[in-house]
Amino acid sequence: MMMTGGQALARQLQRQGITEVFGIPGIQLDWAVDGLRELSNSIRFIVPRHEQSTSYMADGYARTTGRIGTCMIVPGPGLLNAMAGLATAYACNSRVLCIAGSIPSPAIGKGFGMLHEVERQSDILGTVTKWHSAATATGGIPDLVREAVRQLKGGRPRPVGIEVAPDLLKASAEMDLLTPFADDNGLIGADPAAIDKAAALLELSRFPVIYVGGGVLAAGASQALQDVAERLEAPVVMSENGRGALSDRHPLALTSLAGRAVFPHADVVLVVGSRYVDNALGTPAWTSDRIRTIFLNVEPADWAPPRAADIKIHADARLGLQALAATLPRRQNPMALELDKVRAWAEQQSNELEPQTSWVRALRAAIPEDGILVSELTQVGYCTRFMYPVYGPNTFILPGYQGTLGYGFPTALGAAVGNPRRPVVSITGDGGFGWNMQELATARKYNLRVVTVVFNDHHFGNVRTMQRQQFGQDQTYGVDLFNPRFDKLAEAFDIPFARVNRPDNLEGVLREALNAGGPSLIEAEVAEMPSPWHLMRLKVPPFAKAGRPAPPNPLGDPDGTTTGHRK
């Protein structure tokens, strides 16, 4: 049929199952936006107040729904503004489709100084996507969209990008809409020989441990993970980005802090969907001459040095774990693991961090089990990584190794768009909230069910802590903040507001706000808090103090006969 490029773009998105687009209109996108207007009954065009939020919202949407999150921005400054969200999505294995406008195609690369022109825009987009391409003709737009979605669903899930020039969006051409590729097209299955080797090593292991990262969540591999763990009777240590891959109620589930007790006893470690490095120092997460390591990953680079891989399984996490579960016999002589002791050992250390422990407990008590917590880079947020119980996949969201301050609030808005019946909570500091507090307008406009808790200490709190630990108690600079009156800010956006100053007040106030539906803002007034870094990182970074020594390993001496060993 005869269509404009903008119509073809919107209609092929519809064919691919896209139901929401997060974007901000602009002159290079006029014909694309008009195409979306014609499909407004089937595709919602959600317009935040900053291009940074388009990509953050798409990321939050994608990671909490398992569907594709789509953002659309103008070229040049529009794309540059969206880069932080795309970089976060890239770090977190998030299926985000970025549609970037371009300058008119005859002017690309000429340096004419066209509106929104930046040099080598395609190269810039390529730094935060695993695949990107640009339309060269109006008639090729449907195929470009279909290929972008194929790339998103195959291999490692990371953002992809397409660029379409305004003249191609405006032009009309005879073209057909295309049937989408099957969802499993491009997924990498496991080599049976590698599976057999891994299964044989695991079957003979004395103390196997499974370590999982965000790749398990991205692949939807939680059930397959549980099947393998239960066959082996092996503890599952979840990285910060892997929290929720196995419910914290499962008897084999451990946080990374609790994992410190089991790794000294391990003889075989199965690493699934993780880079397996300490991202503060770039060294392998766990190493020992006694440990043999099996890597199951869709990305071969993630078992490359400095890691040492004994067996490598190149596969999608779900397909690889399913193959392992089908090959492994069930343990006839299961370990007498005392993981409740391990969890109590980790909790004992966590309880030293007050008031963070009490704030985290108040959050968990108020948020329903299926609720989504988006945790920012704030002192309470850091502690949620090993304190906050997570009961289901994709209910606990972090920024991954990118550590993008200010990502949390707009990411939570995207999660709320994708999960309108589930409560979403964003916790942030006053520093991080300042990045995108204007999106209170978006929360109100679309009546998004997000409760935002701002922990307000009037500082970039973590930076202040690091400066004091590195340079001395009085040597801080550039860390104090002047904040708005948050009650007046909420009032200006017609958003309900509450203020608390103690953890025991937060639970009831937060529960009430969640039950009310729609957006709410809660200010939690806090003072300086103790550093949690010694509990977050196996090797304490140079800027952090070591903290108290850990209590004795609850599983005993790894060189002797311990409760965790098989006879």
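The values are calculated or read from the model by the stated rules, or taken from the named source; none is laboratory data. Computed from a predicted structure; not experimentally measured. A quick note on method: Cβ atoms are made from the backbone with ideal geometry, for glycine too, and the neighbour counts reach across all protein chains shown. Surface areas here come from the heavy atoms of the whole protein model, side chains and all, with no ligands, DNA or RNA. Shrake-Rupley method; radii C 1.70, N 1.55, O 1.52, S 1.80 Å.
General observations
- Looking across region 355-366, the residues that are under 18 Å from residue 430 (Cβ atoms) and open to solvent by less than 20 Å² (accessible area, probe 1.4 Å) come down to 356, 359, 363.
- Any hit, region 190-205, residues being at pLDDT 95 or above and touching a Pro at 6+ places or on another chain (Cβ under 6 Å): yes
One line per residue, one yes/no per condition, for (1) at pLDDT 95 or above; (2) of a type outside the set (S, T, N, Q); (3) within 24 Å of residue 390 (Cα to Cα):
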residue: 216; (1), (2), (3): yes, yes, yes
residue: 224; (1), (2), (3): yes, yes, yes
residue: 252; (1), (2), (3): yes, yes, yes
residue: 263; (1), (2), (3): no, yes, yes
residue: 276; (1), (2), (3): no, yes, yes
residue: 291; (1), (2), (3): no, yes, no
residue: 309; (1), (2), (3): no, yes, no
residue: 317; (1), (2), (3): yes, yes, yes
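- Residue 489 being in a loop (DSSP other than H, G, I, E, B), touching a strand residue (DSSP E or B) at 6+ places or on another chain (Cβ under 9 Å), surrounded by 18 or more Cβ atoms within 10 Å (Cβ to Cβ) and not basic (Lys, Arg): no
- Residue among 446, 477 that alone is more than 29 Å from residue 415 (Cβ to Cβ) and either at pLDDT 95 or above or open to solvent by 20 Å² or more (accessible area, probe 1.4 Å) (or both): 477
- With respect to being more than 23 Å from the chain's Cα centre (by Cα), within 21 Å of residue 148 (Cα to Cα) and of a type outside the set (Ser, Thr, Tyr), residue 73 falls outside the description.
- Among the residues of region 67-105, just one is among the hydroxyl-bearing types (Ser, Thr, Tyr), part of a helix (DSSP H, G or I) and out of contact with any helix residue (DSSP H, G or I) (no Cβ under 6 Å at 6 or more places or on another chain), namely 90.
- Taking strands (runs of 3 or more DSSP E) as the structural unit, those lying wholly within region 1-57 and holding at least 3 residues that are in contact (Cβ under 8 Å) with a residue 12 or more places away in the chain, within 29 Å of the chain's Cα centre (by Cα) and under 19 Å from residue 80 (Cα atoms) correspond to 20-23.
- Qualifying residue in region 152-166 (condition: within 28 Å of residue 122 (Cβ to Cβ), among the aliphatic types (A, V, I, L, M), in contact with a helix residue (DSSP H, G or I) (Cβ under 9 Å, 6 or more places away or on another chain) and open to solvent by 20 Å² or more (accessible area, probe 1.4 Å)): no
- Listed conditions (1) of a type outside the set (Gly, Ala, Ser); (2) at pLDDT below 90; (3) open to solvent by 30 Å² or more (accessible area, probe 1.4 Å) are all met by residue 554, apart from (2).
- Whether a residue is farther than 16 Å from residue 382 by Cα and free of Cβ contacts under 8 Å to residues at least 40 places away in the same chain was assessed, and residue 420 passes this test.
- Selection from region 455-486 of residues that are assigned to a helix (DSSP H, G or I) and without any contact (Cβ under 8 Å) to a residue 12 or more places away in the chain: 468, 471
- Taken over region 377-388, the criterion of being crowded, with 24+ Cβ neighbours inside 10 Å and either acidic (Asp, Glu) or not in a helix (DSSP H, G or I) (or both) is satisfied by 378 alone.
- Considering region 500-540, the residues that are open to solvent by 20 Å² or more (accessible area, probe 1.4 Å) and touching a Leu at 6+ places or on another chain (Cβ under 7 Å) include one that is farthest from residue 486 (Cα to Cα), namely 539.
Table: residues versus (1) of a type outside the set (A, V, I, L, M, F, W, C); (2) surrounded by fewer than 24 Cβ atoms within 10 Å (Cβ to Cβ); (3) under 22 Å from residue 199 (Cβ atoms); (4) more than 21 Å from the chain's Cα centre (by Cα).
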position: 245; (1), (2), (3), (4): no, no, yes, no
position: 248; (1), (2), (3), (4): yes, yes, no, no
position: 254; (1), (2), (3), (4): no, no, no, no
position: 261; (1), (2), (3), (4): no, no, no, yes
position: 272; (1), (2), (3), (4): no, no, yes, no
position: 277; (1), (2), (3), (4): no, yes, no, no
position: 285; (1), (2), (3), (4): no, yes, no, no
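- Residues of region 436-473 satisfying the condition of being among the aromatic types (Phe, Trp, Tyr) and touching a strand residue (DSSP E or B) at 6+ places or on another chain (Cβ under 9 Å): 446, 455, 460
- Tabulated pairs, region 324-344, first under 11 Å from residue 202 (Cα atoms), second at pLDDT below 85, C-beta under 9 angstrom, 6+ apart or interchain: 331/566
- Positions within region 121-157 being touching a Leu at 6+ places or on another chain (Cβ under 9 Å), assigned to a helix (DSSP H, G or I), modelled with pLDDT of 95 or more and over 28 Å from residue 172 (Cα atoms), in sequence order: 124
- Single residue of region 42-59 satisfying the filter (out of contact with any Leu (no Cβ under 9 Å at 6 or more places or on another chain) and under 18 Å from residue 397 (Cβ atoms)) that is least open to solvent (accessible area, probe 1.4 Å): 54
Residue by residue, here is whether (1) closer than 21 Å to residue 250 by Cβ; (2) in a loop (DSSP other than H, G, I, E, B); (3) open to solvent by less than 40 Å² (accessible area, probe 1.4 Å) holds:
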| site | (1), (2), (3) |
| --- | --- |
| 368 | yes, yes, no |
| 390 | yes, yes, yes |
| 410 | no, no, yes |
| 432 | no, no, yes |
| 453 | no, no, yes |
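- Some residue of region 327-341 being under 18 Å from residue 226 (Cβ atoms) and either modelled with pLDDT of 95 or more or in contact with a Cys (Cβ under 8 Å, 6 or more places away or on another chain) (or both): yes
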